[in-house]
Amino acid sequence: MRLALFGYGKMGKEIEKIALLRHHEIALKIDIHNRSGVVQSDLQKCDAAIEFSTPQSAVENINKCFEAGIPVVVGTTGWYDKAEEIKVRCKEKNGCLFYSSNFSIGVNIFSKLNEHLAKIMNNHKEYNVSIEEIHHIHKLDAPSGTAITLANGIINNLERKSKWHTVTEQKKRGNGETVNVSDADLLITSKREGEVPGTHIVKYHSAIDDIEIKHTAHNRQGFAMGAVLAAEFVKGKKGIYGMNDLMGV
């Protein structure tokens, strides 16, 4: 396959390594330095695009792929307020969009465990649930897209939670600021530390004990592999897809 990469930072370079190992060609590398010079005919020479840029650039990049008629795999988060608009655009252009808050196979297995545990906890109201996510200091959005996906997985399956509420660790600890959370709120605490690839913890707490499930990424390889597998999956397809489609669940 001939692939276009939107975003050529650490994640883009990791995707390139995996793609080359799987005998694909990186036909375009698009970042802040050359994005204005990329034209539709350049993209039309590619079989698919993989988008890992910034929340500010993602929507424009996705639309460029729709205009060029090539499938686009999107790993950037922080643009989901435009998701419905993008889905409409995809259908209008008979395009192909594959997007996920996290392309790691392990994280998506973890997400299914999270949903199942939430269902079980409907019968155990003595437990309160919270989420903690830890990422590197360069991550622009908080909470992470994965944390939001986990939160929605809980809210959709645990009757006593109706919405999520986010707070950064800095706000939680600093300046004596009070975090106001109702019983119906699911609290997400976001931390940004060093070069952490990504850690997500779902914790159920009671006066008697704690139950905790946790996913820790050791590096970016799992995310990169998932993105390349998604690009292989969408070749020649139309429509809107996600990790459930790739994993067959």
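The values are calculated or read from the model by the stated rules, or taken from the named source; none is laboratory data. All values reported here derive from a predicted model rather than from experimental measurement. Every residue, glycine as well, gets a Cβ built from its backbone with ideal geometry; the counts of neighbours run over all protein chains shown.
Taking segment 191-223, which residues are small (Gly, Ala, Ser) and at pLDDT 95 or above? Working first, answer last.
If we filter segment 191-223 for residues that are small (Gly, Ala, Ser), which is where we start, we get 194, 198, 206-207, 217, 222.
Residues satisfying the conditions are Ser206, Ala207.
Ser206 is checked against (1) more than 19 Å from Ile120 (Cβ to Cβ); (2) out of contact with any helix residue (DSSP H, G or I) (no Cβ under 9 Å at 6 or more places or on another chain) and fails just one. What number does that condition carry?
(1)
Results for (1) assigned by TED's automatic domain parsing to the domain that holds Ile70; (2) farther than 26 Å from His136 by Cβ; (3) modelled with pLDDT under 95, shown as yes or no for each residue.
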site: Met11; (1), (2), (3): yes, no, yes
site: Ala19; (1), (2), (3): yes, no, no
site: Ile26; (1), (2), (3): yes, no, no
site: Asp31; (1), (2), (3): yes, no, yes
site: Gln40; (1), (2), (3): yes, yes, yes
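Output the residues belonging to segment 26-54 that are in contact (Cβ under 8 Å) with a residue 40 or more places away in the chain and either in a loop (DSSP other than H, G, I, E, B) or closer than 9 Å to Leu3 by Cα (or both). Outline the logic, then answer.
Quick first cut of segment 26-54, residues in contact (Cβ under 8 Å) with a residue 40 or more places away in the chain only: 45-54.
Scanning segment 26-54 gives Lys45, Cys46, Asp47, Ala48, Ala49, Ile50, Phe52, Ser53, Thr54.
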